[in-house]
1. Over every pair of different alpha-carbon atoms in segment 95-149, take the mean of 1/r and invert it; report that Kirkwood radius in Å.
2. Excluding residues fewer than 8 places away in the same chain, name every one of the aspartates and glutamates whose C-alpha is closer than 13 Å to that of K94.
3. What ³J(HN,Hα) values, in whole Hz, does the Karplus curve 6.51 cos²θ - 1.76 cosθ + 1.60 give for segment 110-127 when θ = phi - 60°, with x put for Gly and Pro?
4. Using each residue's phi in segment 94-103, evaluate 6.51 cos²θ - 1.76 cosθ + 1.60 at θ = phi - 60° and report the 3J(HN,Hα) Karplus result to the nearest Hz, with x for Gly and Pro.
5. Name the residue, out of G123, G18, G79, whose mean-square fluctuation peaks in a Gaussian network model built on the chain with Cα pairs under 10 Å.
6. Could you estimate the translational diffusion coefficient of segment 28-72 from the Stokes-Einstein equation, with Rh from the Kirkwood formula over C-alpha pairs, at 37 °C and 0.692 mPa s, in whole µm²/s?
7. Pick from F70, F31, F107: which is most flexible by mean-square fluctuation in a GNM of the chain where alpha carbon atoms under 10 Å apart are linked?
8. State to the nearest 20 debye the size of the charge dipole of the chain about its Cα centre, where the only charges are +1 on K and R beta carbons and -1 on D and E beta carbons.
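Computed from the coordinates by the stated procedures, all read-outs in this text should not be read as laboratory data. What you are looking at is a predicted structure, and each value in this text was computed from that prediction instead of being measured. A quick note on method: Cβ atoms are made from the backbone with ideal geometry, for glycine too, and the neighbour counts reach across all protein chains shown.
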Amino acid sequence: MSPAKDPELNAAANGETGEVANVDKIRDILFGSQMRDYEKRFSRMEERLAKDAAVLRDDLKKRFDALESFVKQEAESLGQRLKGEKSERLEALKELARELRDASKAFEKKLSQLEEEFSSGQGDLRARILEQSKTLSADIQEKHRTINTTLEGEVESLREDLTDRAALADLLAEMSMRLKKEFNLPEK
């Protein structure tokens, strides 16, 4: 059986509905004014919360937009500073490379200059050594001639002395004979 066809069930259902309605009336009588007051308060509180939430949402959105804008500005500023520093460093690096090339060229120039001076100095030194060698050779030859001349003179003197020795020997021999009385003088 369906509930619509059963009159007892319909009456019971109507009775229950009537009871619920009666309970609502009693509640309305007892607590109605307080409930309406609470409902008004709750609805005002909901409106205020919704309004505060909307204000808070707008405030947060503004703050997030400001923060996003600030972060973008700072990122752009940092990007610009990085680009500036990069270009400055590249310029400094180019300048350093140029100075290094210049220093290298100056070093090579000075080195070739020193090599030339060294070669020139070697040539001068060789010329001096050759000149002194010639001078020493001439001095040595002169000394050799002087020594030879002196030596020859001494040899000649010794020869003369030798001759005098022979005469001295003859004289001593003659004296010895005279002392022995063995020497006879030639008669004239």
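1. On the way: mean 1/r = 0.0678 Å⁻¹.
One decimal place: 14.8 Å for the Kirkwood radius.
2. List returned: D102.
3. 5, 5, 5, 4, 5, 4, 5, 4, 5, 4, 4, x, 5, x, 4, 5, 4, 4
4. Running phi through 6.51 cos²θ - 1.76 cosθ + 1.60 with θ = phi - 60° gives 5, 4, 5, 5, 5, 4, 5, 4, 4, 5 Hz.
5. Among G123, G18, G79, the largest GNM mean-square fluctuation belongs to G18.
6. Values: Rh = 13.0 Å.
After rounding, the answer is 253 µm²/s.
7. F31
8. Working: 35 positive and 41 negative charges, 132 e Å.
It comes to approximately 640 debye.
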